[in-house]
Each structure stands twice: as structure tokens, then as C-alpha cells.
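**Student:** After the C-alpha cells below, expect a handful of questions from me.
The values are calculated or read from the model by the stated rules, or taken from the named source; none is laboratory data. As the structure is a computational prediction, the values presented were derived from the model and not from experiment. Note: ideal-geometry Cβ built from the backbone for every residue, glycine included; neighbour counts use all protein chains shown. For the accessible areas, the whole protein counts, side chains as well, though only heavy atoms, and no ligand, DNA or RNA atoms are used. Shrake-Rupley method; radii C 1.70, N 1.55, O 1.52, S 1.80 Å.
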Amino acid sequence: MAISAATKAATDALAVNRAPVSVGAQEVHRWLQSFTWDFDKNRTKYSTKYHMANDTKEQFKLIAKEYARMESVKDERQFGSLQDVLTRVDAANRVHPKWNESMKVISNFLEVGEYNAIAATGMLWDSATAPEQKNGYLGQVLDEIRHTNQCGYINYYFAKQGQDAAGHNDARRTRAIGPLWKGMKRVFSDGFISGDAVECSINLQLVGEACFTNPLIVAVTEWASANGDEMTPTVFLSIETDELRHMANGYQTVVSIANDEAASKYLNTDLNNAFWTQQKYFTPVLGMMFEYGSHFKVEPWVKTWNRWVYEDWGGIWIGRLGKYGVESPASLRDAKKDAYWAHHDLFLIAYALWPTGFFRLTLPTAEEAEWYEANYPGWYDMYGKVYEEWRARGCEDPNSGFLPLQWFIENNHPIYIDRVSQVPFCPSYSKGASTLRVLEFNGKKHSFSDQWGERMWLSEPERYECQNIFEQYEGRELSEVIAEGHGVRSDGKTLIAQPHTSKDGKLWTLDDIKKIGCVFADPLKSL
Amino acid sequence: MSIVVSGGRRGLTDPEISKVILAAIPDKPLETQRKMNYFMTPRGKRINEYETLCCYTQPTPDWIPGGLDWGDWTQKFHGGRPSWSNESTEMHSSDWHRHRDPAFRWHALYVKDKAEEWRYTDRFLKAYSADGHVRSIDPVWRDEVLGDYLGAFGFSEYGLFNSHSSATRDCLGDTLRMSIAMIGLDKVDNAQMIQAERTFLAKLVPGFDESTDVPKNEWTQGSIYKGARETVEEIWQGTYDWNEILFAGHMIYDPLFGQFVRREFFLRLSSYYGDNLTPFFINQMQLYHSQTKGVTKDMFHTCLAVDENFGDYNVSLMNMWSDKWLPRTVNALKDFMGIFSKIPTIAGVSDKAAIEAALGRVFDDWQRDYADPIGYKVDTAALIKTVLSGLK
């Protein structure tokens, strides 16, 4: 066979220059947009009222192997730190006990968010038509697997090396018992994966990641470090390096629908709903974990919230999207009010229901009470006095026979669950903006704590039918519920949850709870 | 000391803070059970790191078998469709959390392997180019087969890659979801490697067309990949059941069509045409195929086919799906036979007898590894005969 002209040219070229040649990632990536083709059935399996443009580009132009190289380098640094120096200095046993407990919740709940984001970005990968946009979402699918594993690694590390493994070692089984779980599932699980694909992207990328990962994954590292925890900054800051790609994906989602007529009709409503959905849980829960789950305080939550949520996200990030018709959510103003008091309201309820947790909670010390009062004037009269009363009645002591939940009952302060957010609230004893609204539908009563959630429910009640813990456990005795949910330590009787982190304090058992005879009731039934 | 910490002081290293922390820590650990996920059933004797980090990360309620949560979904699709549901697949399982990647790859292990492959690819390509290997490639093989037909095969891999998107969204278990995403990434990696090879050749061979225009035209309009394209389109977007997508792609189409094209055509023939570049890339694809085979056989054979409650039913369904997807795949192979008329025949290598032998290897492997474990009766000789009827 004759040598073609091209072969001759290649041979000639080699005679002149034999410099090694390779192929870079960008040289491959630039062809990516042409990898797809049109065919009759080529449409997404997840409907959306928006049209995502066919020529949308991505900002992080990675190919599969380059993605792996980049992540592998980060993994080497992160796991090297954890397994080498932090282990040698026994770092897990130099973390303040209060923070050790907070990480049972923070790490596991973030893991749920990361896990569901795998599915969420799988849906977006399916929904997008442009190969580059698909590729951006694909990178995120893999990132979310990474983050799921990383969050798990925190609990794994603390369980293996730390001072109290219970709760770290079985969070995936015991987390479902208590009042914080269902709300967490709304924001971190179903809110990401169930709905219009673009609406889910707004929930996940435009709000969850661009707004709340900053306080959740960045600010938390300052609190962790102050309280002796260097494992969390090591892992979470490595996670955050990927979050930039996810924020870019959210930005590109908006870019891809910007010219679609549906965007001008629906985008700001979807954004407002997504923001309220996410803030309704994160604002109180993060504030509670930081302030009540730490000994050493970095700054008041309201300041952190204001910086990251109100100014950075509501102002700068949303401002950048202004040219695409995106406006700051109408509910941002109400959220700002929540940032001041909602976490204090929630801790009061969370502490009252402490036996249903998979972590230990601690009442504020006198020193902390001073800090709260200085930063939230009026705190003592509303909350501090109550904690003093609970402590005086022996709420930390298993022999007292007193659960703070009794205080709510005695004082006729019923606790309700907001149907849409699944966040508990006590309308008659709260400084936040919660107000009780009750609606009846198909023979069932539903309680709501704010107008934004109520509006969502009124539009589509079939999306928010989930039972709450009071409906689920109605008529059940508390110790039975805890035992059924595996809320006990390896001795089979001592609770994982405890109302203190004192090293000298006695630990509560199932029998201590049983003696009290606490039976769940659905407050809506008495209305 | 004050409880307010500012200026980036760290509890681990600041003596004042550290003293307070150490004073608060219990004298002995409060819990003796230090094994995370101690409650789960491991695949082997002990819970390994992969199982610790992956199993039960999914928060599904107990009415999706294997779930540890309770109750309903907190938000559903418009109209009330649930977030995840048993109705998303015709397959049944007593525990959707049972699957394991046989290599126990969690994310860090997965990307570590691929990162090494990327670095080695870079080193290989530099050595290959500096050594002047490209001079030895047969020009027809290089310009037409690699340029056009290998390029067109990239679309098959890209289409299969996309078939994993809805399976990643809809599947019902955590280890399943992670495995599906990973084997999906391997497929787009294959498509990208094919383009990388074509781009590399364009750098070395003046006039070599690295554009995807001709391959795409071949894939969408040509006769050689017609059956393959129609099958891939149906797997990717015509099928909604996530298990059927995986079964069609990884238990029928890829072990037959993919294996023949990669292993018995490009890999086996390339050296006869002076091409020792293509085997470098195809061998990576074959590694991924082998790993994926382990993953999907675990899903379908190790877990679903022997499920204590639904094993018989699942096997029947797999047989039905085989009936559905095998003829399409055979048809894809039949169309692909047209490629042999595009290359110079080498006796004993690309003549009819050699092609028949190659088909025999692929079908025998498939029968042994995929059909026999589910009791699927198949006349491979007849299937090969049908495929060979496509030879021009």
C-alpha cells in the first residue's frame, strides 16, 4: 500500500522535530458540545416549565480524567492530614464535648444533602440539552458522591477516635427519631429532587449552595477550630472548593433559561419559594448549632447570617443575576427577622425534646447567658429564665423525673409542626415571627407558621402531605419510641441523647424516661 | 477565660483554650462501640471502609425495602408523585441497599485510579510521539477507520453515558446510585478518549481531521452504526425503568456490541494495520468494561436474581428484557459488519472465518457470563449467522 501524502508529511515533520506531544484536557473539551445528536425521543424524563437552551456552556471545562486528577490531589492532602498529623496529636480527643455533639448533627445532615444532590444533579444532567451543561452537572454528580463520603468520614473519624462515639457511629439509623429530621429532609433531600427540574436547581444550586453553604461549610470551620476541632475544617474546606463549581452550575442554569418566556413569568416566584424553603430550616438550625452547640463563640449568628445571606447572597450574588431578570426574594425581609430570634426559639424546643436526639445538648452556662443577653437584648427574660427554671427542677438529672417538655404542657404552650417546612414552633412562646395558622383539607388538619409556606401549600397541597412526628408517634410512650428508633448506646439501656455534656453528670437510661410516662399527643387534635 | 474567641485562635493549639477544652473532656470515652454503621450486614466478614462511607447514606423510608427512615416524603413532585418510589422499576428487591461494587470503590479510590490513568496517558502519548510510531499506521486505517468509524463509535459511548442520568436520579439504593454514576462517567471518559486520540493524531499527521462532523454524520446517517444508534437512543431516552436501562446497556448491548467493536475490531485489528496507539486507549476502555461488568453482575446476578422473595420473578423479568434487547443488539452487530468492506482484508484476520471466530468469542463470553446465570436459553450459532448476513 502506498504511503499517503499525509504519512509522508508526518514522517517529514518527525525528521525536523521529535518534541514529545500530548493532548490537554481543553483540547478534548472543546469538542464536547458536538458530542450529542438530535433524535425523536431526545427529551428529558423530568418535565420543566422552562426551556434550557441548547447551546449553554459550562464554566469549569473539565473532562473525566482531568476531573479525577484534580479531586485526587485534594483527597491526598485532606486524608493525609487526617490520617497522619491529626491522628498523631490525638486531635479528636481535644475537641470541646459540646462541639463533638454538634458534629454528630452537622456532618450527618450535610451528608444527607450531599447524597440527595447526587440524584438532583443526575436529574439536571438528564434535563439539560447542551453537552457542556450536562458535563457541568455530571462533575457535580461526582462531587456530591465525594462530599457524601467526606461527611461520612467525619463521623467515622470521630466515632473511631473521639470521646463519645455514640451518635457518630449510628447517625444514619437514629437520626430519624427527633424533631429536626423531617425539616432537614425537606431542605436537603426532597427539595433538591422532587419538582420541576429547574426549580430543584434553584433550590440546590442557586440557594442551597450559593447561599447557605457559605455559613454551613465555611463559617462552621471557624467555630470548629475555635472549639478544638481541626478535622472539620480539613474536610469542609476541601468540600467548599467543589462548591464553586456548583454555584457556577446554578448560575448557568439561570443563563440557560434567561431567554425563555417562562423565566419572566415563574423564575422569581420559584426563587422566592426556594429561598424561603431553605432559610426556614437553615436559619434557625445553623444558628442553634453554632451558638448552643459550642463553648467558645466566634460571633453572633445574626452577624454571620447578615454577612453571608443578606449581603453576599441577597445583594451581590443575586445582583449579578439581575441582568437576567432575577430579583432578591420578597421573603428575604422576613428571613432577616428570623435570623435574630428563630434559633433561640428552636433551641428551646429542641432541648425540651432532647431524648429524641442522637446527640447530647447542653443548657447555656451563666457565662454564655451573659453573652446571649449582650448580643440579643431581651434573651434572658424570654429564654434565660426558663433555662434557670428547668435546671432548678433537675432537668439534667435522671433522678429528677423532669423533662422540659412537661414545662410546655404545664404552661399551655403547645408545640406544632409547620406542615410545609416540618420545623417545630411554639406560637404562644416565641420571639420569632411564627404565627399559628391551621387549615383543614381532606379531613386532616395542617398547621403552618408563616405566610410563605402556607402559600406554597395552598397552591399545591398534594406536595406537602408528610406526617409529622406528633402524628407519627401519637399515643406512643416516649421510651418505646426511642427504643424502636435505636436511640440507645451499646449497653442497650443508656440513651445516646443526654441533656448535658458534663463529665461528672449522670446519664439517662430508657428506664428513667419510662418512669416519667410521657406519651405523644397530636396538638392539632385538640383544636 | 472569655468564651469569645477572635482573631483566628485555634482550640487545638492555643494553650489557654486548649486547657479549658481538655478539662471538659470525659476521663474515659462514653461509648465503647466505635465501629460506624455497626448495625449493618457487611458483604464480607467485616464492615469495610467503602461500606462505612456509603451504606445507608440514602434516607429512604422503610416502605422502600431496606430503608431505615419512616413516613412520607416531605416534598413531592407537582401532582404528588413521590421523590423515589418502588414503581420506578419493574424489578423487586427485599433490600435495595444490598449492592456492592466488587472493588469497594468509594469516591477517593475511584478518582485515584482515573487520575493515575490520566497521568500515564500523558506520559504514554509523549513517548509515542517522540518515538515516531505514527509513521507505521496504515493510512486507510488511520484516516478512515480511526478518523471516521472510531470517531462514530464515540457517539455510542456518549449515548450510553447519558443513559445513566435518569438511573442516577431514580434508583433506590445508595451504593447503586454511586456505582451508576461512576460507570456512567467511565462511558463519557471513553467518548473523550476517542476524541483525545483523534486530536492527538491531528497534531502528528498534517491534514488529519479531528472534527466530529464526519463521525457524527456516519453515526446519524450512515448504515454501519444504524442499528447501534437506534438501540442506544432507545436505551437512553426511550426507556424509563432504571433497571431496564442498566440491563439493556450493560447486560446485553455493551457486552455484545461494545465488546465486538472495541475488543474484536479496533483492539485486535489495529496492530495488523501498524496501529499501536488505539490499543492504548481501548485497553483503558476494556478495564472500565471489566469493572462495570463486576458492578452490574453484582446488581443483577448477586442481588436481584437470588433475592429471597423476588429472585424467581426478577429472573423471569431479566429473561423478558433479554428477549427485548438481544434482537436489537444482534441487528446492531449485523449493521456493523458493513465496516469490513471499508478495510483491506487480511487473511486470517479480517476475512469471514476470522470475523466468525471473533463473534464466537464475544457470544460465548456473553452466554457464559450473562445469559447462563439467569437461565436464558440462546442459540448463539443462529445469532452469529444472523450477524454475518450483514457482511457485504
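**Student:** B:Ala103 versus (1) surrounded by fewer than 24 Cβ atoms within 10 Å (Cβ to Cβ); (2) over 30 Å from A:Met184 (Cβ atoms); (3) aliphatic (A, V, I, L, M); (4) within 10 Å of chain A (Cβ to nearest Cβ): which is the lone unmet condition?
**Tutor:** Among (1) surrounded by fewer than 24 Cβ atoms within 10 Å (Cβ to Cβ); (2) over 30 Å from A:Met184 (Cβ atoms); (3) aliphatic (A, V, I, L, M); (4) within 10 Å of chain A (Cβ to nearest Cβ), the lone unmet condition for B:Ala103 is (4).
**Student:** Of the conditions (1) within 18 Å of A:Asn214 (Cβ to Cβ); (2) touching a helix residue (DSSP H, G or I) at 6+ places or on another chain (Cβ under 7 Å); (3) part of a helix (DSSP H, G or I), A:Glu311 fails just one. Which one is it?
**Tutor:** Only one criterion is unmet by A:Glu311, namely (2).
**Student:** Quickly run through region A:485-495 and pick out the residues that are assigned to a loop (DSSP other than H, G, I, E, B) and either open to solvent by less than 60 Å² (accessible area, probe 1.4 Å) or facing chain B (nearest Cβ under 10 Å) (or both).
**Tutor:** A:Gly485, A:His486, A:Gly487, A:Arg489, A:Ser490, A:Asp491, A:Gly492
**Student:** For region A:430-437, state whether one or more residues are in a loop (DSSP other than H, G, I, E, B) and either closer than 21 Å to B:His78 by Cβ or acidic (Asp, Glu) (or both).
**Tutor:** No: zero hits.
**Student:** Let me ask you something else. Here is a list: A:Gly195, A:Gly228. Which entry is within 11 Å of chain B (Cβ to nearest Cβ), open to solvent by less than 10 Å² (accessible area, probe 1.4 Å), in contact (Cβ under 8 Å) with a residue 40 or more places away in the chain and out of contact with any Lys or Arg (no Cβ under 7 Å at 6 or more places or on another chain)?
**Tutor:** From the options A:Gly195, A:Gly228, the qualifying one is A:Gly195.
**Student:** On the basis of being in a helix (DSSP H, G or I), at the interface with chain B (Cβ under 7 Å from one of its Cβ atoms), in contact (Cβ under 8 Å) with a residue 24 or more places away in the chain and more than 22 Å from A:Met288 (Cα to Cα), does A:Ala119 make the cut?
**Tutor:** Criteria met by A:Ala119.
**Student:** Still on this structure, please answer the following. Tell me, which residue of region B:177-192 that is open to solvent by less than 10 Å² (accessible area, probe 1.4 Å) and more than 8 Å from every other protein chain (Cβ to nearest Cβ) is nearest to B:Ser270 (Cα to Cα)?
**Tutor:** In this case the residue turns out to be B:Asn190.
**Student:** Same structure, new question: For the structure I just gave you, tell me whether A:His168 is at the interface with chain B (Cβ under 9 Å from one of its Cβ atoms) and assigned to a loop (DSSP other than H, G, I, E, B).
**Tutor:** The answer is yes for A:His168.
**Student:** Does at least one position in region A:429-441 carry a residue that is buried (at least 19 other Cβ atoms within 10 Å of the Cβ) and within 13 Å of another protein chain (Cβ to nearest Cβ)?
**Tutor:** No, every residue in region A:429-441 fails to be buried (at least 19 other Cβ atoms within 10 Å of the Cβ) and within 13 Å of another protein chain (Cβ to nearest Cβ).
**Student:** Please go through region A:413-429 and pick out each residue that is under 16 Å from A:His343 (Cα atoms), part of a loop (DSSP other than H, G, I, E, B) and β-branched (Val, Ile, Thr).
**Tutor:** Once the filter is applied, which keeps residues that are under 16 Å from A:His343 (Cα atoms), part of a loop (DSSP other than H, G, I, E, B) and β-branched (Val, Ile, Thr), region A:413-429 yields A:Ile415, A:Val423.
**Student:** Please find, within region A:38-67, the residue that is nearest to A:Asn149 (Cα to Cα) out of those that are crowded, with 16+ Cβ neighbours inside 10 Å and under 26 Å from the mean Cα position of the chain (by Cα).
**Tutor:** Going through the qualifying residues, I end up with A:Tyr67.
**Student:** Take the conditions open to solvent by 20 Å² or more (accessible area, probe 1.4 Å), at the interface with chain A (Cβ under 7 Å from one of its Cβ atoms), assigned to a loop (DSSP other than H, G, I, E, B) and more than 24 Å from A:Ala25 (Cα to Cα) and apply them to B:Gly79. Does it pass?
**Tutor:** yes
**Student:** Turning to a different aspect of this structure: Does region B:147-159 contain any residue that is within 27 Å of the chain's Cα centre (by Cα), farther than 30 Å from A:Glu114 by Cβ and facing chain A (nearest Cβ under 7 Å)? Don't jump to the end; show me each part of the working.
**Tutor:** Quick first cut of region B:147-159, residues within 27 Å of the chain's Cα centre (by Cα) only: B:147-159.
Next cut, farther than 30 Å from A:Glu114 by Cβ only: B:147-156.
Keeping just the survivors that are facing chain A (nearest Cβ under 7 Å) gives B:155.
Yes, that holds for at least one residue.
**Student:** For region B:128-145, which positions are in a loop (DSSP other than H, G, I, E, B) and either within 28 Å of the chain's Cα centre (by Cα) or closer than 18 Å to B:Glu210 by Cα (or both)?
**Tutor:** Those that are in a loop (DSSP other than H, G, I, E, B) and either within 28 Å of the chain's Cα centre (by Cα) or closer than 18 Å to B:Glu210 by Cα (or both): B:Ile137, B:Asp138.
**Student:** Let me ask another. Could you grab me the full set of residues in region A:496-523 that are outside any loop (DSSP other than H, G, I, E, B), within 29 Å of the chain's Cα centre (by Cα) and more than 11 Å from every other protein chain (Cβ to nearest Cβ)?
**Tutor:** Of all residues in region A:496-523, those outside any loop (DSSP other than H, G, I, E, B) come to A:498, A:509-516, A:519, A:523.
When the remaining residues are screened for being within 29 Å of the chain's Cα centre (by Cα), the result is A:498, A:523.
Selection gives A:Pro523 alone.
Per-residue answers, yes or no, for (1) under 18 Å from A:Val519 (Cα atoms); (2) more than 12 Å from chain B (Cβ to nearest Cβ); (3) among the charged types (D, E, K, R):
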site	(1), (2), (3)
A:Gln451	no, yes, no
A:Arg455	no, yes, yes
A:Ser459	no, no, no
A:Glu462	no, no, yes
A:Gly475	yes, yes, no
A:Glu480	yes, yes, yes
A:Ala483	yes, yes, no
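**Student:** Here's a check for you: in region A:14-37, which residue that is part of a loop (DSSP other than H, G, I, E, B) and more than 8 Å from chain B (Cβ to nearest Cβ) is surrounded by the fewest Cβ atoms within 10 Å (Cβ to Cβ)? Write out each step before concluding.
**Tutor:** From region A:14-37, those part of a loop (DSSP other than H, G, I, E, B) are A:17-24, A:30-31, A:35-37; that's our starting set.
Imposing the further condition that a residue be more than 8 Å from chain B (Cβ to nearest Cβ) reduces the set to A:17, A:24, A:30.
Details: A:Asn17: 9, A:Gly24: 13, A:Arg30: 15.
Once the filter is applied, the top-ranked residue is A:Asn17.
**Student:** Next up: Out of (1) in contact with a helix residue (DSSP H, G or I) (Cβ under 6 Å, 6 or more places away or on another chain); (2) assigned to a helix (DSSP H, G or I), the odd one out for B:Val349 is which?
**Tutor:** (2)
**Student:** So which residues in region B:17-40 are among the hydrophobic types (A, V, I, L, M, F, W, C) and surrounded by 15 or more Cβ atoms within 10 Å (Cβ to Cβ)?
**Tutor:** B:Ile17, B:Val20, B:Ile21, B:Ala24, B:Ile25, B:Leu30, B:Met36, B:Phe39, B:Met40
**Student:** Considering only residues that are in contact with a Ser or Thr (Cβ under 6 Å, 6 or more places away or on another chain), open to solvent by less than 10 Å² (accessible area, probe 1.4 Å) and farther than 20 Å from B:Phe336 by Cα, which ones fall in region B:247-303?
**Tutor:** Within region B:247-303, just B:Val295 meets the criteria.
**Student:** Could you list all residues from region B:227-243 that are surrounded by fewer than 23 Cβ atoms within 10 Å (Cβ to Cβ) and either more than 12 Å from chain A (Cβ to nearest Cβ) or polar (S, T, N, Q) (or both)?
**Tutor:** Once the filter is applied, which keeps residues that are surrounded by fewer than 23 Cβ atoms within 10 Å (Cβ to Cβ) and either more than 12 Å from chain A (Cβ to nearest Cβ) or polar (S, T, N, Q) (or both), region B:227-243 yields B:Gly227, B:Gln237.
**Student:** Quick one: in region A:249-278, which of the residues that are touching a Gly at 6+ places or on another chain (Cβ under 9 Å) and surrounded by fewer than 19 Cβ atoms within 10 Å (Cβ to Cβ) is nearest to B:Val4 (Cα to Cα)?
**Tutor:** A:Asn268
To keep it simple, each residue is scored yes or no on (1) part of a helix (DSSP H, G or I); (2) closer than 19 Å to B:Phe124 by Cα; (3) without any contact (Cβ under 8 Å) to a residue 60 or more places away in the chain.
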| position | (1), (2), (3) |
| --- | --- |
| B:Thr231 | yes, no, no |
| B:Tyr253 | yes, no, no |
| B:Glu264 | yes, no, no |
| B:Leu269 | yes, no, no |
| B:Tyr272 | yes, no, no |
| B:Asn276 | no, yes, no |
| B:Phe280 | yes, yes, no |
| B:Gln284 | yes, yes, no |
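**Student:** What are the residues in region A:318-335 that are surrounded by 20 or more Cβ atoms within 10 Å (Cβ to Cβ) and either over 20 Å from the mean Cα position of the chain (by Cα) or over 17 Å from A:Thr213 (Cβ atoms) (or both), if any?
**Tutor:** Of region A:318-335, the ones surrounded by 20 or more Cβ atoms within 10 Å (Cβ to Cβ) are A:318, A:321, A:326, A:328-329, A:331, A:335.
Of everything in region A:318-335, those that are surrounded by 20 or more Cβ atoms within 10 Å (Cβ to Cβ) and either over 20 Å from the mean Cα position of the chain (by Cα) or over 17 Å from A:Thr213 (Cβ atoms) (or both) turn out to be A:Ile318, A:Leu321, A:Val326, A:Ser328, A:Pro329, A:Ser331.
**Student:** Something else about it: Does region B:56-68 contain at least one residue that is of a type in the set (A, V, I, L, M, F, W, C), open to solvent by 60 Å² or more (accessible area, probe 1.4 Å) and either touching a Ser or Thr at 6+ places or on another chain (Cβ under 9 Å) or at the interface with chain A (Cβ under 8 Å from one of its Cβ atoms) (or both)?
**Tutor:** Yes, because at least one residue in region B:56-68 is of a type in the set (A, V, I, L, M, F, W, C), open to solvent by 60 Å² or more (accessible area, probe 1.4 Å) and either touching a Ser or Thr at 6+ places or on another chain (Cβ under 9 Å) or at the interface with chain A (Cβ under 8 Å from one of its Cβ atoms) (or both).
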